[in-house]
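*Asks:* The structure is given below, and queries will be raised subsequently.
We did not get these values from a lab; they are worked out from the coordinates using the rules stated. Please read all numbers here as calculations on a predicted model, not as lab measurements. Heads up, the Cβs are rebuilt from the backbone with ideal geometry, glycines too, and the neighbour counts pull from every protein chain shown.
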Amino acid sequence: MGQPQEKSRIEFKSKVRATLFNRAGGKCSVPRCKNPTVGPFEDNEGAVNLGVACHIYSAAEDGPRGRGGKSDEFIGSDANGLWCCPSHASLIDKQKGKDYPANVLFAWKALAEARIRKQITDAPSPLGWVDSIEFVEFDGIRTPPKVSLSRNTLFFGPNCSGKTSLMEAAASVSDSRHGERFSGRIYHGRPAKYKALIKYSTVDTLSKTIEIQICGENLVRQEGATPCLLPPGDLEIIFCSERETRYKPHEDHVDFLMRYLNIDKSALFALTKVGGGNLLPGEIVFTQAIDIEYDDDDEEIEKKRYKIDDSPFMELRFKQAHGEYWVGLDNLSTSEHARLLLDLAITKAKETCKQKLTLLLIDGLLFNLDQRNFEVILNVLTESDFQTALSLPPYREADVLDRGAGEVSLKKFAYLEAWRLAILKRSEP
């Protein structure tokens, strides 16, 4: 019986290696990597090129990341190639490439090439990469939480593992109120101290770190030794938290959504003209709310609603695509309410990422979505042009997690292929 034939490989076409080298400016395409790929021989004249032209979708049918349904022409072209240093060329293919899905490598390729384009033409670009969020100081915790981010990341871990804390610290980069939960805490009779680092890359900066320091009532953003009086102009972190969906007594729907989305009224009206997105398609309008009361003869009386400051209470009304009736935001089902709020945040992220690096964080809003809607939102986020991280809802763990062989990993479903699981452990005091 003959030996089984090796599955066919599609090698790069001629000159692809040189093209990838040139498009990346001879530099490794992995964000924040400073490893050279070319340099002089030690004892001889001339130069040595150590870089590697890596396939994103695999040259072999059973290789890392597979073929992705792409044509042979695409697999062998420079569009499917990534220029890397030897270390990262080896790393991205480890464990069948599961930690480096294709959408991550394509994002890195685009960022690397945008950097070179900026150097040549000074063309601005919003591309970038948020690499990690970590606490380096967290009073009361022996090993502070930290996480490395992929293009799309699912946070998984028990209560008190730091999932929400990491998101809130990162969100404080763009909006300091998200760090208020840490404010005013006391540890051993003194104000508790917290320090978190958000590391990222942009077209203009290979490696940048924003430090969030919280002590007592004070929150300070800092880059190196320089305090940042304002949020950085090259990074936007959007945080969708269940906590932020609780109304405040003075708010109408306009006030609530401006706070939830951290935008002004003009931006809110512009976003809502788009209507519901892929999660809950439909139309949105704002109108003064009407309360129905009854007189002594049980006749309906319509009364305009006002806020506690006597200004009109503006209500969001929504009509689903192909629907007949307008429904107030407060009268939507719990699932519809969550999907509409997520749609608005996603619309904001889509607009923001046209101007600067954008990371969307989602915590708690997905707990009431069924499996079908959860799958839909993961697919929508996978197709978006911004980075995303979300906490895995406990009720969806059985649907997406494989706990075999004592390890936890994502199940082999198509809608999970682009996601990476970040496992956090319970923080020990």
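*Asks:* Give the long-range amide H neighbours of Gln387: residues separated by 5 or more places, or on another chain, with amide H under 5 Å away, using H modelled in the peptide plane at 1.01 Å from N.
*Replies:* Thr358, Leu360
*Asks:* Quickly rank 235-243, 279-287 as a protection proxy: mean count of other C-beta atoms within 10 Å, highest first.
*Replies:* Numbers: 235-243: 21.8, 279-287: 17.3.
Final packing ranking: 235-243, 279-287.
*Asks:* Sticking with this one: Have a look at Tyr187, Ser311, Thr347 and report the one farthest towards the positive end of the charge dipole of the chain, computed about the Cα centre with Cβ charges (Lys/Arg +1, Asp/Glu -1).
*Replies:* Going by the charge dipole, the pick is Tyr187.
*Asks:* Label-point separation (nm) for His250 and Arg426, each offset 7 Å from Cα along Cα-to-Cβ?
*Replies:* The answer from the label model is 4.2 nm.
*Asks:* How far apart, in nanometres, would the label points at Arg259 and Lys307 be if each is projected 7 angstrom from Cα along the Cα-to-Cβ direction?
*Replies:* Reported label-point gap for Arg259 and Lys307 is 1.0 nm.
*Asks:* In whole Å, how far is the Cα centre of the range 32-62 from that of the range 356-429?
*Replies:* What the calculation gives is 34 Å, centre to centre.
*Asks:* Here's another thing I want to ask about it. Give the shape of the range 128-234 as rounded, prolate or oblate, defined through the alpha-carbon gyration tensor: a ≥ b ≥ c are the square roots of its eigenvalues, a/c under 1.5 means rounded, and otherwise the shape is prolate if a/b is larger than b/c and oblate if not. Please list the in-between numbers first.
*Replies:* On the way: a/c = 2.06, a/b = 1.25, b/c = 1.65.
Verdict is oblate for the range 128-234.
*Asks:* Right, another one. For the range 346-415, state which trypsin sites (Lys or Arg not before Pro) are in a DSSP loop and have at most 13 other beta carbons lying within 10 Å of their beta carbon.
*Replies:* Lys354, Arg403, Lys411, Lys412
*Asks:* Name the most mobile residue of Lys94, Lys304, Lys34, meaning the one with the largest mean-square fluctuation, in a Gaussian network model of the chain with Cα contacts below 10 Å.
*Replies:* In the Gaussian network model the winner is Lys304.
*Asks:* Based on the alpha carbon coordinates of the chain, what radius of gyration and maximum Cα-Cα distance (Dmax) apply, in Å?
*Replies:* 24.9, 103
*Asks:* Farthest toward the dipole's positive end in the range 285-429, which of Gly406, His337, Val327, given Cβ charges of +1 (Lys, Arg) and -1 (Asp, Glu) about the Cα centre?
*Replies:* So the residue we want is Gly406.
*Asks:* How high is the relative contact order of the chain, given as a whole-number percent (alpha carbon pairs under 8 Å, six or more residues apart)?
*Replies:* 17
*Asks:* Moving on to the next point. Tabulate in residue order the Karplus-calculated ³J(HN,Hα) for the range 78-94, using 6.51 cos²θ - 1.76 cosθ + 1.60 with θ = phi - 60°, rounded to whole Hz; enter x for Gly and Pro.
*Replies:* Karplus-based 3J(HN,Hα) across the range 78-94 equals 5, 4, 9, x, 9, 8, 9, 6, x, 5, 6, 4, 6, 5, 5, 9, 5 Hz.
*Asks:* Enumerate the calculated ³J(HN,Hα) couplings along the range 213-228 in order (Karplus 6.51 cos²θ - 1.76 cosθ + 1.60, θ = phi - 60°), each rounded to whole Hz, writing x wherever the residue is Gly or Pro.
*Replies:* 10, 10, 8, x, 8, 9, 10, 10, 9, 8, 10, x, 9, 9, x, 9
*Asks:* Mind telling me which of Arg259, Arg221, Arg246 comes out most flexible in a GNM of the chain, alpha-carbon contacts under 10 Å?
*Replies:* Arg246
*Asks:* I would also like to ask the following. Using a 4.7 Å cut-off between beta carbons, which cysteines in the chain end up with no partner cysteine at all?
*Replies:* Among the cysteines of the chain, those whose Cβ sits 4.7 Å or more from every other are Cys54, Cys84, Cys160, Cys215, Cys228, Cys240, Cys353.
*Asks:* Residue by residue through the range 167-172, what is 3J(HN,Hα) from phi via Karplus (6.51 cos²θ - 1.76 cosθ + 1.60, θ = phi - 60°)? Round to whole Hz and write x for glycine and proline.
*Replies:* Residue by residue, the range 167-172 yields 5, 5, 5, 5, 5, 5 Hz.
*Asks:* Describe numerically, in nm with one decimal, the distance between label points set 7 Å from Cα along Cα→Cβ at Asn368 and at Val285.
*Replies:* 2.6
*Asks:* A further question follows. Mean shadow of the range 16-121, computed from the convex hull of its alpha carbons, in nm²? Could the numbers behind the result be given before it?
*Replies:* Numbers: hull surface 30.1 nm².
Quarter of the Cα hull surface area: 7.5 nm².
*Asks:* Same structure, new question: Amide H of Leu424: which non-local residues (sequence gap of 5 or more, or other chain) have their own amide H closer than 5 Å, using H built in the peptide plane?
*Replies:* Phe156, Gly157
*Asks:* Report the dimensions of the range 51-111 along its three principal axes from the alpha-carbon atoms, largest first, rounded to Å.
*Replies:* Here the spans come out as 28, 23, 18 Å, largest first.
*Asks:* Give, to the nearest whole percent, the P(r) tail of the range 58-194 beyond 23 angstrom, counting all Cα pairs.
*Replies:* Details: 4995 of 9316 pairs.
Summing the P(r) tail past 23 Å for the range 58-194 gives 54 percent.
*Asks:* With charges set only on the Cβ (+1 for Lys and Arg, -1 for Asp and Glu), what does the dipole of the chain come to about its Cα centre, in debye to the nearest 20? Could the numbers behind the result be given before it?
*Replies:* Numbers: 57 positive and 62 negative charges, 471 e Å.
I would put it at about 2260 debye.
*Asks:* Now for a separate question. Could you tell me whether the range 292-376 comes out rounded, prolate or oblate from its Cα gyration tensor? Rule is a ≥ b ≥ c as square roots of the eigenvalues, rounded for a/c under 1.5, then prolate if a/b exceeds b/c, otherwise oblate. Numbers along the way, then the final one.
*Replies:* Working: a/c = 2.74, a/b = 1.83, b/c = 1.49.
Cα axes put the range 292-376 in the prolate bin.
*Asks:* For Gly216, which sequence-distant residues (separation of 5 or more, or a different chain) have an amide H within less than 5 Å of its own amide H, given hydrogens modelled in the peptide plane?
*Replies:* Gly184, Arg185, Ala192
*Asks:* Ok, one more. How far, in nm, would the chain grow between Gln355 and Ser148 when pulled straight, counting 0.36 nm per residue and subtracting the alpha carbon separation? Each step should come with its number before you reach the end.
*Replies:* Details: separation 207, 0.36 × 207 = 74.52 nm, distance 2.38 nm.
Extending this stretch completely gives an extra 72.1 nm.
*Asks:* Something else now. How long is the gain from Glu73 to Arg117 if the chain were fully straight, where each residue apart is worth 0.36 nm and the alpha carbon distance is subtracted?
*Replies:* Values: separation 44, 0.36 × 44 = 15.84 nm, distance 2.56 nm.
Here the answer is 13.3 nm.
*Asks:* Report, to two decimal places, the Cα Rg of the range 344-399 normalised by 2.2 N^0.38 Å (N = number of residues). All intermediate terms of the calculation are to be shown ahead of the outcome.
*Replies:* Values: Rg = 11.9 Å, N = 56, 2.2 N^0.38 = 10.2 Å.
That works out to 1.18 for the range 344-399.
*Asks:* Here's another thing I want to ask about it. Please compare each pair in Lys98/Lys118; Lys163/Lys199; Lys265/Lys348; Lys193/Lys248; Lys34/Lys411; Lys273/Lys319 to a cut-off of 23 Å on the Cα-Cα distance and tell me which ones are over it.
*Replies:* Numbers: Lys98/Lys118 31 Å; Lys163/Lys199 17 Å; Lys265/Lys348 13 Å; Lys193/Lys248 29 Å; Lys34/Lys411 34 Å; Lys273/Lys319 13 Å.
With Cα atoms farther than 23 Å apart: Lys98/Lys118; Lys193/Lys248; Lys34/Lys411.
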